[in-house]
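> The following block contains the structure, expressed as structure tokens.
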Amino acid sequence: MNTATLAARFDPLSPEQRENPFDILAAARRDQPVFHVPALDLWVVTRYDDVLAVLKDHETFSSTGALKSAAAPLPDEVAAVLAAGYREMPYIIEVDPPQHNRIRGLVTKAFTPRRIAALEPIIRRIVDELLDALPPKGEIELIGAFAWPLPLRVLGELLGLPREDLAQLHVWGNDWILVQQDGPLEKRLAHAKGTVALQHYFLDAVRRREREPTDDLIGALVAARDHLDPPLTDLEIAGLPLDLMVAGHVTVTRAIGNALHVLFSCPHLRQQLLDPAVAPDAIEEILRMESPAQGLFRTATRDAELGGVTIPAGARIMAHFASANRDECVFLNPDAFAPDRAELVRHIAFGKGIHFCIGAPLARLELGIALPALLQRLPGLRPSGGPRVREQTFFARGFAQLAVAWGEEA
């Protein structure tokens, strides 16, 4: 497939590529591993080694605008709405050193392995409560009934947020992601309003903990900032729980839906997920094959050679995680589900380099509890005739709806 054909066909929002992005990515890896899409003003990087080079060289490939899939600047009307919030609020996923190092250092002090481990009984309780609400036999849309509420409630507990706020935070979190994506002006204005509300919510949460310290993660972040020189501002701290709340629940939700999708086509996965000795590798293989984050964006700070082409300074780049995770040069028979593959540890579903996902240990813990519990509590879990709808975001892939049935077949 030549470059012009690749550029014309690449469209992650098309129904065809939402369902199957892998054919065009395989063609790109074979014929043109780094290609330019003029309509999107975007360079797409598809091979594993090139993606890794982008992720590990933050000086050449800046993280500024890491979530921005729209090629054009924000419409003036959208920018005016966002001006009521905090355009200068930094998000760890989008900042470069030295600011990134200061923010990441605060996370390291507060978001400790001990704090994550302490969530295990809470996760088990939430999983049980969600599954207790289901009958011994039935049919349900599982994303809304389980895959969204689970990580939302877990992060609510971690951050010390009232449960009654979580549904609204979910809506605002989607706004925060979608405002960066092209779409009708009316929708982008609504997303901008939600983004501003989300910023104000977390800044207020930080300031409340200054007045009344708490032992949740936001409280720990506020307490730990005095150990930095200079200390982080309220605005710098507020971007952390905002980022974690949105990315943390969206990633786990997608991973649960994607896991079930793999399960329904690989029946032997059922026993692997129920075997504590095998389940961790099975989950990693699911993350490799069906990466929740398809990739993130970078900006070239200077001309750079990559994949045999020159990327000009100022160019926008998509480092395509999902393509890298199916690179034939790294993963043997990459389209096959094989949790015993020796190269599994090399997958980059959670990124690489200084921006490696801070929530990865928590996501793995949640998936390790949730997926076996679904199979134990919902015997005969299978797809039903209900809705099966893929998400419509540029850089993420999962299910907006996935109807399942369980119990004896009718």
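> Could you give the Stokes-Einstein D for segment 37-131 in µm² per second, using the C-alpha Kirkwood radius, 37 °C, 0.692 mPa s?
189 µm²/s
> To the nearest whole percent, what portion of all C-alpha pairs in the chain is separated by more than 28 angstrom?
Percent of Cα pairs beyond 28 Å in the chain: 48.
> Using Stokes-Einstein with the Kirkwood hydrodynamic radius over Cα pairs, what translational diffusion coefficient do you get for segment 369-408 at 25 °C and a viscosity of 0.890 mPa s, in µm²/s rounded to a whole number?
It comes out at roughly 212 µm²/s.
> With each pseudo-label sitting 7 Å past Cα toward Cβ, what's the D281-T310 distance in nm, one decimal?
With each label placed 7 Å out from Cα toward Cβ, I get 4.7 nm.
> Grab the Cα-Cα distance for C329 and R208, subtract it from 0.36 nm times how many residues apart they are, and report the gain in nm with one decimal.
Contour length minus Cα-Cα distance gives 38.4 nm.
> Could the peptides 154-161, 349-356 be put in order, highest first, of the mean number of other beta-carbon atoms found within 10 Å of their residues?
154-161, 349-356
> Can I ask one more? Under 20 °C and 1.002 mPa s, how fast does segment 244-315 diffuse according to Stokes-Einstein, given a Kirkwood radius computed over C-alpha pairs? Answer in µm²/s, whole number.
144 µm²/s
> Between D303 and E343, take the C-beta separation as r, use R0 = 30 Å, and let me know the FRET efficiency to the nearest 0.05.
Between D303 and E343 the formula returns 0.40.
> Cα centroids of segment 1-79 and segment 143-176: how far apart, whole angstrom?
Cα centres, segment 1-79 to segment 143-176: 30 Å.
> Report Rg(Cα)/(2.2 N^0.38 Å) for segment 216-339, keeping two decimals.
Rg over 2.2 N^0.38 Å, computed on Cα atoms: 1.44.
> Please figure out what share of the DSSP beta bridges in the chain is antiparallel and state it in percent, rounded to the nearest 5.
The antiparallel fraction comes to roughly 90 percent.
> Using the Kirkwood formula over every pair of different C-alpha atoms, what hydrodynamic radius in Å results for segment 282-337?
The answer is 12.8 Å.
> Mind running the shape call on segment 94-203? Use the C-alpha gyration tensor, a ≥ b ≥ c as the square roots of the eigenvalues: rounded below 1.5 for a/c, prolate if a/b tops b/c, oblate otherwise.
It comes out oblate by the Cα gyration axes.
> For a 28 Å ceiling on Cα separation, which of these pairs sit above it: K56/K187; K68/K187; K109/K187; K68/K193?
K56/K187; K109/K187
> When averaged across all projection directions, what area in nm² does the alpha-carbon convex hull of segment 157-292 cover?
With every direction weighted equally, the projected area is 11.6 nm².
> Moving on. Write down the Å³ per residue value for the convex hull defined by the alpha carbon atoms of segment 311-360.
Residue-normalised Cα hull volume stands at 113 Å³.
Rule-based calculations on the coordinates, nothing more; no lab input. All values derive from a computational prediction rather than experimental measurement. Methodologically, a virtual Cβ is constructed for each residue, glycine included, from the backbone with ideal geometry; neighbour enumeration extends over all protein chains shown.
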